[in-house]
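The values are calculated or read from the model by the stated rules, or taken from the named source; none is laboratory data. In this text the structure is predicted, and so the values were computed from the model without any measurement. All Cβ positions, glycine included, derive from the backbone under ideal geometry; neighbour counts span all protein chains shown. Side chains are part of the model used for accessible areas, which takes the heavy atoms of the whole protein and leaves out ligands, DNA and RNA. Shrake-Rupley method; radii C 1.70, N 1.55, O 1.52, S 1.80 Å.
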Amino acid sequence: MNWAVIMAGGFGERFWPLSRRTRPKQLLAIVGKRTMIQDAAERLHPLVPPSRIVVVTNAVQAPQVRKQLPRVKHVIAEPMGRNTAPCIALATAMIQRLDPDATIAVVPADSWIGDVEKYRRVVGESLALAAQRDVLITIGIQPTSPHTGYGYVQVGETLEGIFFKAKRFVEKPDLARVKEFLASGDYRWNAGMFVWSAQAIWKAFEKLQPAMAESCARLASSKLKNFVREYERLEKISVDYAIMEKADNVVVANGDFPWDDVGDWPAIERHNPKDAAGNVARAEFVPLDASNCVIVSGDKEHVVTAVGVRDLVIVHTPDATLVCHKNEAQKVRELVKKLAGQKKFKKLL
C-alpha cells in the first residue's frame, strides 16, 4: 500500500515574528487560506489516505499538528531535531511494523506546489516505479531561475518515462556554476521530496547508516522505555548526505510542476497579488508613496501604514514587529538567535 511521510520538524525562524517555536511556518497560512501542512496533506489525496500519512514533527508542535490534521492518526513527536535522515529512518521503521511491503512518499510540510494535478501524477508514477524496482527516487524540479540557495541534482541517462539515473548531487553552488547548470539542461533543483519502498530505503539505511537503522528499529518498538535518550544519540545528518549521495540506485523523477520552498518573507510576493505600486499586503495596509514592500499582520484589526519607503518587509504581531530590507530577509534567522541570547526576549520565540 502507499504511505506518506510529512516532515514537519522545522521552527521557521526566517518567518519570525509570525512564526514561533510552537507554531512555525508550516502551521501558518503563509501563502494561502489553509496552513502549509494542511496543503501538504491535501495534495497527497487520492494517492494516500490520511490513515496512512505519518507526520514527524517536534514535540512542542505535535499538539497543533494533531489539531490541524485531525484525520491523521500517526504523529511522531521528536524530543529534539535530528535532521531528515533520523526522521525518515524512524518513520520508515514504524511503517514497516504496520505494512512491510509499503511504498512511501516523503515530502516537506512547507513547500508550495503550483499545479497539484501534475504533482500527483509525478508522485503517483514514482510510487508505481518504487513498488516494482529497488530504487530510491528523488523528485527533481525543472529550474526556472539561477537560484543559489537550492541544492541541485544532475541527471544522467533516461530510464523510462519521467525517470533518469542520478549522476551527482551538488549542494548550493555559486552563481557562475548555477548558470552553467541551467545552460546544460542536465540539472534539477533538489526539492527534498523522495519516493521509495520501505524495503529499499531500509536496506540503504542498514548498509550506509547501520547504527541509525539499529537505533530507529528500537525507537519504533513500543517497548522502548528510554525514547528521549535513544533519540538524542542519533547523528544530526540529512538524508542527502547520509543516503542519497552514497547510494548507487538513485533515480530522479522529472518534476515539471511549479514549486517553491517558501524560504523567507519575500517568497510570498510570488504567490500573492500586488497593488499598483508592487506591494503585497496580507494585512490592512495604507501606503503613501511606498512600493515593492511585503506587509503582514497577525492582527486583522491593526492598520499598517508606510510612507516613502521601498523594498521593505514589515511584519506586525501583538508582541513584536519586524522591519527589514527584502535583500536582508535571510538574516532574520540570525536576528532570532540574537533574541534567544537575551533572557527577556525568549518569550518572543
Averaging 1/r across every pair of distinct alpha carbons in region 109-266 and inverting yields a Kirkwood hydrodynamic radius, in angstrom, of 17.0
From the C-alpha gyration tensor of region 213-273, pull out the three semi-axes of the equivalent ellipsoid (sqrt of 5λ each), sorted largest to smallest, in whole Å.
35, 20, 11
Accessible area per residue, Å², region 226-349 with all protein chains present, probe 1.4 Å:
55
If you roll a 1.4 Å probe over the heavy atoms of the protein chains, what accessible area per residue do you get for region 47-90, in Å²?
37
Using the Kirkwood radius over Cα pairs of region 278-349, the Stokes-Einstein translational diffusion coefficient at 20 °C and 1.002 mPa s, in µm²/s and rounded to a whole number, is 165
Could you check the simple spin-label distance between Leu348 and Gln142, using points 7 Å along Cα→Cβ, in nm with one decimal?
4.4
Note on region 1-98: C-alpha Rg/Rh, Kirkwood Rh, two decimals, gives 0.95
Report Rg/Rh for region 69-120, rounded to two decimals, where Rg is the Cα radius of gyration and Rh the Kirkwood radius.
1.00
Where does each of 138-147, 98-107 land if you order them by average Cβ count within 10 Å, highest first?
98-107, 138-147
Semi-axes in Å, largest first, for the chain (Cα gyration tensor, √(5λ)) are 35, 25, 18
Given a 1.4 Å probe and every protein chain left where it sits, what share in percent of the accessible area of the chain is carbon and sulfur?
50
Exceeding the 29 Å Cα-Cα cut-off - candidates Lys118/Lys167; Lys236/Lys274; Lys179/Lys326
Lys236/Lys274
For region 91-131, convex hull of alpha carbons as volume per residue, Å³:
71
